[in-house]
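These notes concern the structure reproduced below.
The values are calculated or read from the model by the stated rules, or taken from the named source; none is laboratory data. Nothing here was measured: the structure is a model prediction, and the numbers come from that model. Note that we place each Cβ from the backbone using ideal geometry, even for glycine, and neighbour counts take in every protein chain shown. Just the protein is used for accessible areas: all its heavy atoms, side chains included, with ligands, DNA and RNA removed. Shrake-Rupley method; radii C 1.70, N 1.55, O 1.52, S 1.80 Å.
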Amino acid sequence: MVFTLMGGGYLPWVITAMTGAIIGDIILSKGGFDKFWSQASCWALMQLGSDCGSFVPVWFFAESFKQTWVERGQSVEGMDAQIMYATGMWGVISVSIVIVLSVLGIYIGRTILSKYFKKH
């Protein structure tokens, strides 16, 4: 939310990021705060919420999104590439990568922290 208060957020991002965070928090509280899959699911949803906020304008308003950014100085080719990687099969791949890296991040974090917080 600080990001939004500082002027960096916009409505689709706020909606998807907050929705992902709330659903993730519910999963974490129901599944257990110390359980790997609860943490991984929560973190993946939070990251997907943030990521999908930038995809929403492309998914629903691709042409006006492209036109707006071309008018702001972006190249047509650059915008076409951005739209390509947010839609279709590349969109599915992008979302899958976010999920995989989120789970991997939780695994790495838990592995590092397990050195310092041993269970008795």
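For this structure, a couple of remarks:
- Any hit, segment 83-99, residues being within 24 Å of TYR10 (Cα to Cα) and in contact with a Pro (Cβ under 8 Å, 6 or more places away or on another chain): no
- Filter result (of a type in the set (Lys, Arg) and open to solvent by less than 100 Å² (accessible area, probe 1.4 Å)) within segment 95-120: ARG110
- Set GLN39, GLN47: member being part of a helix (DSSP H, G or I), of a type outside the set (Phe, Trp, Tyr) and in contact (Cβ under 8 Å) with a residue 60 or more places away in the chain: GLN39
- Of all positions in segment 55-72, at least one carries a residue that is in a loop (DSSP other than H, G, I, E, B) and over 24 Å from ILE99 (Cβ atoms).
- Filter pass, VAL92 being of a type in the set (Val, Ile, Thr) and either over 28 Å from MET18 (Cβ atoms) or surrounded by 13 or more Cβ atoms within 10 Å (Cβ to Cβ) (or both): no
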